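Below: one structure, written as structure tokens.
The values are calculated or read from the model by the stated rules, or taken from the named source; none is laboratory data. Fair warning: this is a prediction, and the values are worked out from it, not measured in the lab. When we count neighbours, we look across all protein chains shown, and the Cβ atoms used for this are built from the backbone with ideal geometry, even at glycine. Accessible surface is based on the protein model in full, side chains and every heavy atom, while ligands, DNA and RNA are left aside. Shrake-Rupley method; radii C 1.70, N 1.55, O 1.52, S 1.80 Å.
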Amino acid sequence: MFDSEQALNQSLHQFLHDYPLQVAPVSVDVPLISNQDIYMNIALIKQYHEDMPKRQAQRLAVEYLERVDLGQIAYKRNPALNPEERFCGMLLRAAMVKDAMILIDQPFKIIPHLKDIQFVTTALKKIDDLYLSCHIYDYQWMKEKYGEL
Amino acid sequence: MTLSREFKVGLFIGCTAIIIVLALLYLAAGKGVFENMHAFTLSSKSGDGFTEGMPVVFSGFNIGKVQSLELNDKGVVLIKIKIPDRHVKWIRSDSAFILYRPLIGSARIVVNTTNLNNPPLDEKKIPEVIIVNDINDAIARIEPALERVTQIADNVERLTSNLSDPKGDLHRILSNAGKITTNLASKKSLVEMVVSDEESVKALNESLKKLKDITTTVDRILTKVDKMADKTDSEIYGKDGALPQVNVILKDIVGKLQKLDKTIDNINKISSDTSEGTKDLHILRSDIDDTLKTVEDAVKKLDAIIGLKKVPEFKVP
Amino acid sequence: MMSFGENLGRRVIQMLTAFADTIVFAGKVFIRIFRRKTYSSAMREVLLNQIYFTSVQILPVFLMVSIIFGSLLIGIVFQLLKEFGLTGFFGHVLMGLIVTELSPLLTVLLITLRSAAAINTEMAVMKVNREIKTLEMFRIDVINYLLVPRVINGIISIVLLSSLCSIVLLVSGTLFSWLIFGMSIDVYKNILLNATNFSDILIALFKCAIYGFFITLIPIRFGLRASHEFTSIPIVVSQGMVNVFAAILIIEVLSLLTKLL
């Protein structure tokens with residue numbers, strides 16, 4: 001939790017600097033690629049970094065989407081998604097990074113209408129085998145929404 | 001059944017690549033890349049005008065090319081030519097090899113074989129290449145003559161435009177001179193003659209046909225001159241009138257064509273010296289004779305008409 | 001007077017710098033083409049999609065344009081040759097002008113209008129949407145993932161489509177030589193073979209490859225110059241397209257110079 005934008009940004013940059021190969025951002029500033037379907041966005045990371053064959057990577061992406069009960073969005077594109085679906089797409093994409101250290105930057109900026117962090121933690125639990133650690137960065141004044149987390 | 005994107009792209013690249021390769025192979029095969037080649041060696045006292053890759057031509061068709069040029073110990077230039085298997089039948093023991101260096105187009109070695117039943121040329125035999133240099137001199141002589149003919153044609157045209165008051169018929173008649181101009185301006189075809197192969201001889205024959213057209217036009221002019229005689233005035237028939245000028249011009253044309261005739265004579269001489277392969281030039285010669293005779297007749301006729309009208313018995317209307 | 005001189009000098013320096021930058025950038029992309037590491041599964045997918053969109057999708061239209069435009073052009077050229085008595089140059093005009101010059105130019109113009117403009121806009125939109133930044137955040141090399149497949153696609157597409165266009169023109173040439181000159185297929189074939197020069201064909205193919213390289217590289221380069229505002233998109237797209245056409249002219253002039261020398 002940070003008091004100012006400057007402090008938050010500084011900390012984010014530090015994190016990126018410390019774990020350059022593992023950091024997997026989930027942020028409004030790191031959007032999904034709009035001219036690719038969601039499953040392709042997710043598969044892209046495996047295809048690029050691990051040279052995983054296209055079909056295998058895409059099958060995997062669809063499988064993970066189904067795991068978070070979002071199999072129906074696999075063939076949709078970014079503009080067609082609601083904020084929850086968009087968040088899950090971004091989260092799964094981040095989880096595709098090898099030994100991922102997921103960095104969620106202001107989750108309530110991605111899903112503005114969320115009352116609490118419950119949705120985010122549930123999604124994270126469903127894919128907890130896919131990442132090494134998860135770090136959520138937000139402002140101090142959003143503390144209430146996080147409850148006891 | 002919907003084809004996958006991968007399949008479509010693969011099909012496109014595969015098919016197009018196959019088509020391109022087949023097209024290239026076809027061209028390569030057509031150009032004799034995969035054919036057995038026969039090498040012949042020719043000799044020449046001078047290497048002037050020979051270049052590597054120069055085509056070897058038989059009856060206007062490329063049948064091979066010069067592969068290399070060498071200078072032997074005796075100072076003789078050895079020209080190695082390569083002829084593919086399918087064309088080697090044109091090279092016989094009596095074949096004459098002539099280096100033609102036309103003014104227009106690239107130089108080539110022309111093969112003339114009179115008897116195709118003769119035995120094939122032994123690859124070890126070294127025939128000498130005949131160099132036809134004089135042909136360029138002939139061109140040089142043709143050039144000024146042609147220039148003058150063109151000048152005359154220009155004069156005819158100027159004459160047409162100078163007649164400000166055409167008085168009907170005369171203007172129409174002289175506008176026919178425009179056609180003469182166009183026909184005489186076929187200078188290019190005449191120049192092509194110096195290429196001395198069959199193709200160019202054809203071009204020259206076409207030019208001669210055009211000259212015949214000129215004669216027809218002149219004839220038509222004369223008929224019309226005859227008809228309009230009653231309507232014209234002394235401005236036209238006077239000393240400086242239009243028709244005497246036409247007469248002078250036409251005489252000039254005949255004069256120049258006769259000069260051209262001499263040049264053709266030269267070419268004839270050269271071709272009979274070098275080979276019998278350019279017999280077409282004789283036909284050409286007779287064509288030119290014919291044309292000259294007809295033009296001359298036409299001029300005589302014009303003279304006669306003008307002679308009749310010289311007496312100023314017609315009054316200005 | 002002084003300020004005019006300064007402006008002119010500044011412009012020239014800017015132009016030369018931009019030209020040098022483009023060449024350096026082209027060199028960087030060119031080197032990546034030959035690195036095995038570049039060819040990841042993701043890159044291969046982009047390459048496949050690009051070839052599909054640039055060549056396969058356009059193929060029916062392209063063939064139709066080639067047949068209609070090419071046949072008309074070849075008909076007119078043959079007619080002119082006949083009228084001016086230049087029948088002797090028929091083969092050289094067909095191979096030297098139509099096949100090696102006009103067909104690559106026609107192809108490159110069609111592909112530029114369709115694909116180069118699309119690539120330019122796509123890159124600008126990605127930049128504005130911060131999608132380029134996304135790729136960087138996930139350590140995906142923009143040159144390897146976005147540029148190289150598009151550039152390779154440009155090279156493959158122009159070479160293949162231009163060759164197809166040439167073949168279509170040669171086939172329609174058979175028809176027109178028969179209609180206009182009453183020429184048999186055998187004679188046509190002979191004239192064509194005599195006029196064919198393999199070095200000319202190689203130069204034409206090489207020119208197509210160069211065209212393909214630059215008509216994709218330049219739009220990408222200009223697309224990536226967009227700022228984070230949507231209003232910058234039309235600016236970079238128009239700049240990119242103007243530069244692409246300038247590049248086409250420069251390449252054409254250079255290729256003509258190689259023929260003269």
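The table below lists the values:
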| read-out | value |
| --- | --- |
| Long-range neighbours under 9 Å by Cβ, at least six apart or interchain, first residue open to solvent by 60 Å² or more (accessible area, probe 1.4 Å) within segment C:233-261, second among the acidic types (Asp, Glu) | C:Leu256/C:Glu101; C:Lys259/C:Glu101; C:Lys259/C:Asp200 |
| Residue in segment C:1-41 that is most open to solvent (accessible area, probe 1.4 Å), counting only those that are in contact (Cβ under 8 Å) with a residue 24 or more places away in the chain and farther than 30 Å from A:Arg55 by Cα | C:Lys28 |
| Spans of helices (runs of 4 or more DSSP H) in segment C:1-84 with at least 3 residues over 18 Å from the mean Cα position of the chain (by Cα), within 14 Å of chain A (Cβ to nearest Cβ) and of a type in the set (A, V, I, L, M) | C:41-51 |
| Condition check for C:Phe90: over 29 Å from C:Ile215 (Cα atoms), within 14 Å of chain B (Cβ to nearest Cβ), among the aromatic types (Phe, Trp, Tyr) and surrounded by 17 or more Cβ atoms within 10 Å (Cβ to Cβ) | yes |
| Any hit, segment B:30-38, residues being more than 14 Å from chain C (Cβ to nearest Cβ) and either part of a helix (DSSP H, G or I) or open to solvent by less than 70 Å² (accessible area, probe 1.4 Å) (or both) | yes |
| Complete set of residues in segment C:115-173 that are open to solvent by less than 10 Å² (accessible area, probe 1.4 Å) and acidic (Asp, Glu) | C:Glu131 |
| Segment C:176-189: number of residues that are surrounded by 14 or more Cβ atoms within 10 Å (Cβ to Cβ) and away from every other protein chain (no Cβ under 13 Å) | 6 |
| All positions within segment B:56-77 that are without any contact (Cβ under 8 Å) to a residue 60 or more places away in the chain and open to solvent by 30 Å² or more (accessible area, probe 1.4 Å) | B:Phe61, B:Asn62, B:Lys65, B:Gln67, B:Leu69, B:Glu70, B:Leu71, B:Asn72, B:Asp73, B:Lys74, B:Gly75, B:Val76 |
| From C:Ile167, C:Ile156, C:Ile152, residue being facing chain B (nearest Cβ under 10 Å), within 20 Å of B:Gly14 (Cβ to Cβ) and touching a residue at least 24 places away in the same chain (Cβ under 8 Å) | C:Ile156 |
| Scan of segment B:7-43 for residues that are basic (Lys, Arg) and more than 30 Å from B:Ile98 (Cα to Cα), ordered by number | B:Lys8 |
| Meets criteria (modelled with pLDDT under 75 and farther than 18 Å from B:Thr51 by Cα) for B:Ile139 | yes |
| Single unsatisfied condition, A:Tyr48 versus (1) crowded, with 18+ Cβ neighbours inside 10 Å; (2) hydroxyl-bearing (Ser, Thr, Tyr); (3) farther than 20 Å from C:Arg130 by Cβ | (3) |
| Listing of helices (runs of 4 or more DSSP H) fully contained in segment A:12-125 that carry 3 or more residues being more than 8 Å from chain C (Cβ to nearest Cβ) and charged (D, E, K, R) | A:54-67, A:83-95 |
| Lone qualifier among C:Ser172, C:Ser162 - being among the hydroxyl-bearing types (Ser, Thr, Tyr), touching a residue at least 24 places away in the same chain (Cβ under 8 Å) and away from chain B (no Cβ under 14 Å) | C:Ser172 |
| Subset of segment C:196-215 that is at the interface with chain B (Cβ under 10 Å from one of its Cβ atoms), buried (at least 17 other Cβ atoms within 10 Å of the Cβ) and not hydroxyl-bearing (Ser, Thr, Tyr) - its residue that is nearest to C:Val99 (Cα to Cα) | C:Ile201 |
| Test for C:Met64: is it aliphatic (A, V, I, L, M) and open to solvent by 30 Å² or more (accessible area, probe 1.4 Å) | yes |
| Matching strands (runs of 3 or more DSSP E) fully within segment B:40-119 where at least 1 residues are within 14 Å of chain C (Cβ to nearest Cβ) | B:55-58, B:61-71, B:77-84, B:108-112 |
| Near pairs, Cβ below 6 angstrom, 6+ apart or cross-chain, from segment C:178-189 (closer than 16 Å to C:Phe89 by Cα) to any residue that is among the β-branched types (Val, Ile, Thr) and open to solvent by less than 60 Å² (accessible area, probe 1.4 Å) | C:Tyr188/C:Thr174 |
| Qualifying residue in segment B:2-13 (condition: assigned by TED's automatic domain parsing to the domain that holds B:Ser95 and of a type in the set (Asp, Glu)) | no |
| Residue list for segment C:100-146, restricted to those being more than 19 Å from C:Phe53 (Cβ to Cβ) and touching a Gly at 6+ places or on another chain (Cβ under 9 Å) | C:Leu102, C:Ser103, C:Leu106, C:Lys127 |
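Conditions (1) surrounded by 15 or more Cβ atoms within 10 Å (Cβ to Cβ); (2) closer than 25 Å to A:Leu21 by Cα; (3) of a type in the set (S, T, N, Q), marked per residue:
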| residue | (1), (2), (3) |
| --- | --- |
| A:Val62 | yes, yes, no |
| A:Leu70 | yes, no, no |
| A:Asn78 | yes, no, yes |
| A:Leu81 | yes, no, no |
| A:Phe87 | yes, yes, no |
| A:Ala94 | yes, yes, no |
| A:Val97 | yes, yes, no |
| A:Met101 | yes, yes, no |
